[in-house]
Amino acid sequence: MPSALVKRTLNHFVKRSQLVRAAVRAVWILGTGLFVLFMVRAFVGQVYHVESGSMEPTLWGDEGGGEYVFVRFDRSQPGRQDLVVVRRTGEDTPIVKRVLGLPGESVRVVQGDVLIDRQRLRPSEPRADPVVVFDDRWHKVEDRFVILEEQSRMWKKSGAEWHLDAREVPTTMDKALLVLRDPLQDDYLGPDHEIVRGSAQANDARIDCEVRFEDATGRVRLRLTEMRDTFEAILARVDETTAEITVTRRNTSDSLETLATAQFALPVGAWMHFWFENRDNALKVGFDGPGSPLVMSYKENAPNLSEGLDPDKAYGYRVAFGGEGGRFAFRSIRVARDLVYTNQGSFGVLSEVRLGPTQFFLLGDNSSRSRDSREWGPIELSEIVGRPVAVVWPPSRWRALGRPETGSKD
């Protein structure tokens, strides 16, 4: 009996000792975790909840489900197009905006664009990603592009591809071009890829696709219209192994100007990524070949001269694609637009703003819903808290917030 009692007593003390050690480990782990969390929040960064829709679709506010963003503390000077988190003097809630104006520059919002020192941004400047308004992964081409009865005999859908037989279409005709039905406005795609309608006209557009020549003849055309100008990137077959790109500009006076040409290898039957954009009076054409993208600038768009029309707006169809003189296949068709800045507020709108040596001009990507420097003027470097790095919640939207697009040579 004494021996059994001793064993039970020893087992009891052993179990209690194990529980104590486990409790000590748990407290130590919890304490270490709290200490690390404190250090992260004090010296590295913090998670913030996005409440407003002022940065949609870059960041989604409460109407889009509300996102949580990890912000890295950083009070160094940001660059143009960087996203920053600002806590303005006298306000407790931090907000996310995009940097457009840098110290010492003048800033003015004109016709939806930002002028820096009275000039539109050069092609070499970094830029925000274009905002997608149509993507054939989520939307039907036949719902968003006009397909006339005559065109329906030439255009046929097969799975994810659209096939065009335009062998009988002369190169001087537009019979096989599909035009975007919708006006080009500050629309964007919602979290579930649905279209969110805007109200302000977008000046600048981009069209992307993948294209394949089925024959050693014909040409593919991507078209963008702004004000009274029509720009085209034309991809034409030279022979079975070579293609040529030509970029043209035409206005209603019917004068045709060739802006650039380039030849490169492109076998018949090979898919090629082909895209065309016009942003801030700079045209870019991308293709799978050396020398891509082609970049060219022009001074100003030709204004509308017709009575009753706003001279600074574009009317009619703004985006089109298609071809003639051959057979082609298209897929991965997307249309995007540049950021649009509305004329609300007074700073930089009624007159230009000259920034001081530590001042920045900030704007929201969803301009019509944004309170920013147009309303409260420039902000000081000392008011910048840090940089948003990634969306961390909800899990279905985890993503890094990348750097702006690198500019091309002027």
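No lab work stands behind these numbers, since they all come straight from the coordinates. For clarity, every value in this text was computed on a predicted model and none was experimentally measured. For neighbour counting, all protein chains shown are included, and Cβ atoms are generated from backbone atoms with ideal geometry for every residue, glycine included.
Before moving on, here are some points about what is shown:
- Length released on extending from ARG137 to GLU63, taking residue separation times 0.36 nm less the Cα-Cα span: 24.3 nm
- Between the range 71-131 and the range 351-410, the alpha-carbon center distance in angstrom: 5 Å
- In a fully extended conformation the segment linking ASP192 and LEU102 would gain 28.9 nm over its present Cα-Cα distance, using 0.36 nm per residue.
- Pairwise Cα distances in the range 131-337 exceed 33 Å in 11 percent of cases.
- What the phi angles of the range 271-278 give under the Karplus curve with 6.51, -1.76 and 1.60, with θ = phi - 60°, is a coupling list of 6, 9, 6, 9, 9, 8, 9, 10 Hz, glycine and proline written as x.
- Loop GluC sites (Glu not before Pro), the range 125-227, which have at most 14 other Cβ atoms in a 10 Å radius of their Cβ (DSSP): GLU168, GLU194
- Each of ASN251 and LYS156 was given a label point 7 Å from its Cα along the Cα-to-Cβ line. The distance between the two points is 4.3 nm.
- CD proxy at 222 nm, helix term only [per DSSP H run n ≥ 4: -39500 (n - 2.57); per residue of the chain; nearest 500]: -4000 deg cm²/dmol
- The mean of 1/r over all distinct Cα pairs in the range 293-341, once inverted, gives the Kirkwood hydrodynamic radius of 15.2 Å.
- Sequentially through the range 117-122, phi angles give Karplus couplings (6.51, -1.76, 1.60; θ = phi - 60°) of 6, 6, 10, 5, 4, 6 Hz, Gly and Pro residues having no value and appearing as x.
- Relative to the longest principal axis of the Cα atoms of the chain, helix 2-39 runs at roughly 40 degrees.
- Amide hydrogen neighbours beyond the local backbone of VAL110, cut-off 5 Å, H modeled: LEU115
- As a proxy for reagent exposure, ranking ASP74, ASP192 by other Cβ atoms within 10 Å from fewest up yields ASP192, ASP74.
- For the range 117-167, trypsin sites (Lys or Arg not before Pro) meeting the loop criterion (DSSP other than H, G, I, E, B) and having at most 11 other Cβ atoms within 10 Å: ARG118, ARG137, LYS140, ARG153.
- Extended-chain gain in nm, criterion 0.36 nm per residue less alpha-carbon gap, ASP117 and THR261: 48.7 nm
- Across all directions, the average flat footprint of the convex hull enclosing the Cα atoms of the chain is 30.0 nm².
- Over the chain, Cα pairs under 8 Å with separation of 6+ residues give a relative contact order of 26 percent.
- Among the trypsin sites (Lys or Arg not before Pro) in the range 290-384, those located in a DSSP loop and surrounded by at most 16 other Cβ atoms within 10 Å of their own Cβ are LYS299, LYS313, ARG371.
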